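Please read the structure below before turning to the comments.
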Amino acid sequence: MRHVIVSREYPPANYPAGGIGTYVANIANLLAARGDTVHVIAERWAGAPLHHEVRADGHLFVHRLGADDLPETGGDPALVQAQLRALRRTEFPAQWFGWSAAFLIERLLREERIDTIEGQEWEAPLYPYLLRRSLGLGPDAPGQSPPVIVHLHSPTAFIHHYNGPPTLPAALQAMTRME
């Protein structure tokens, strides 16, 4: 099988990784070890500077997206760059990653025979891809889209409810809506 797994927290991550990063690293390695092809989409940063890595005897491909990278959208590059900069200036700046990942997922769908797409609910990195897919904007043919698996770790609303003040701050509202 061929899998795409999207996680900004894939190690080494730009922030302290937790259960999500551990899960993605383990499941990607286990799937690759059994002979599946796995494409992990993660964040590129100073601690993980490579755009692309091939591991596990050619079964694990790590694609890293940087905050200033321009995704292949087919649109006006200046406009796309301005849109990504605007997303990074919002109260939910990590959403740039999901939008960039959506276009890479779509490219992988065109070039590979992807069987499953997976990501966590935390930060909703699959939201932009699913939105584009629901609007018919991507390469998925109706009825021929691979299944999307959203693995649940800890939704922001739950974390905040049990660990924070009773009201959700504005900075987390966009993220919780996407989750």
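The values are calculated or read from the model by the stated rules, or taken from the named source; none is laboratory data. These figures come from a predicted structure and were not determined experimentally. Using ideal geometry, Cβ is built from the backbone for each residue, glycine included, and neighbour counts are taken over all protein chains shown. These area figures cover heavy atoms from the full protein model, side chains too; ligands, DNA and RNA do not enter into them. Shrake-Rupley method; radii C 1.70, N 1.55, O 1.52, S 1.80 Å.
5 Å is the cut-off here: which amide hydrogens, built 1.01 Å from N in the peptide plane, fall below it relative to His151, excluding neighbours closer than 5 in sequence?
Gly119, Gln120, Glu121
With the other protein chains left in place, how much accessible area per residue, in square angstrom, belongs to the range 85-153 at a 1.4 angstrom probe? Before the final figure, lay out each step's value.
Values: 3390 Å² over 69 residues.
Value returned for the range 85-153: 49 Å² of accessible area per residue.
Which value, in debye to the nearest 20, describes the size of the charge dipole of the range 77-118 about its Cα centre when Lys and Arg Cβ atoms bear +1, Asp and Glu Cβ atoms bear -1, and nothing else is charged? Could you put the intermediate results ahead of the total?
Numbers: 6 positive and 6 negative charges, 61 e Å.
Dipole about the Cα centre, nearest 20: 300 debye.
What ranking, highest mean first, results for peptides 51-60, 109-118 when packing means the other Cβ atoms within 10 Å averaged over each residue? Write down the numbers at each step before the final one.
On the way: 51-60: 13.1, 109-118: 15.9.
Output ranking for 51-60, 109-118: 109-118, 51-60.
Where does the chain land at 222 nm, in deg cm²/dmol rounded to the nearest 500, when only DSSP H runs of n ≥ 4 count, each adding -39500 (n - 2.57), divided by all residues?
Numbers: 6 runs with 69 residues, N = 179.
Calculated from helices alone, the mean residue ellipticity at 222 nm is -12000 deg cm²/dmol.
Using all C-alpha to C-alpha distances in the range 3-70, build P(r) with 5 Å bins and read off the rounded percent in each one.
Taking every Cα pair in the range 3-70, the percentages come to 4, 19, 30, 25, 15, 6, 1.
Stick to the Cα atoms of the chain, pair each with every other, and give me the Kirkwood hydrodynamic radius in Å at one decimal. Could the numbers behind the result be given before it?
Details: mean 1/r = 0.0594 Å⁻¹.
With all distinct Cα pairs of the chain included, I get 16.8 Å.
Any idea which of His3, Ala17, Val80 is furthest toward the positive side of the dipole for the chain, if Lys and Arg beta-carbons carry +1 and Asp and Glu beta-carbons -1?
Positive-most Cα among the choices belongs to Val80.
Short version: ³J(HN,Hα) in whole Hz for each residue of the range 21-34, in order, from phi by Karplus 6.51 cos²θ - 1.76 cosθ + 1.60 (θ = phi - 60°), x for Gly and Pro, what are they?
x, 4, 4, 4, 4, 5, 5, 4, 5, 5, 5, 5, 5, 8
Taking 25 °C and 0.890 mPa s as the conditions, I'd like the Stokes-Einstein D for the range 48-128 in µm²/s, using the Kirkwood hydrodynamic radius from alpha carbon pairs.
So the translational diffusion coefficient is about 176 µm²/s.
How would you order 65-75, 98-108 from highest to lowest mean count of nearby Cβ atoms within 10 Å? Please report the intermediate quantities before stating the final value.
Working: 65-75: 14.8, 98-108: 22.6.
Result, highest mean Cβ count within 10 Å first: 98-108, 65-75.
Report, to the nearest whole %, how much of the accessible area of the chain belongs to carbon and sulfur atoms, 1.4 Å probe, protein only. Spell out each step's value before the answer.
Details: 5230 of 9170 Å².
Here it works out to 57 percent.
Would you kindly derive the ³J(HN,Hα) couplings of the range 153-160 from the backbone phi angles with the Karplus curve 6.51 cos²θ - 1.76 cosθ + 1.60 (θ = phi - 60°), listing them in order in whole Hz, with x for Gly and Pro?
With coefficients 6.51, -1.76 and 1.60, one gets 10, 7, x, 3, 4, 5, 4, 5 Hz.
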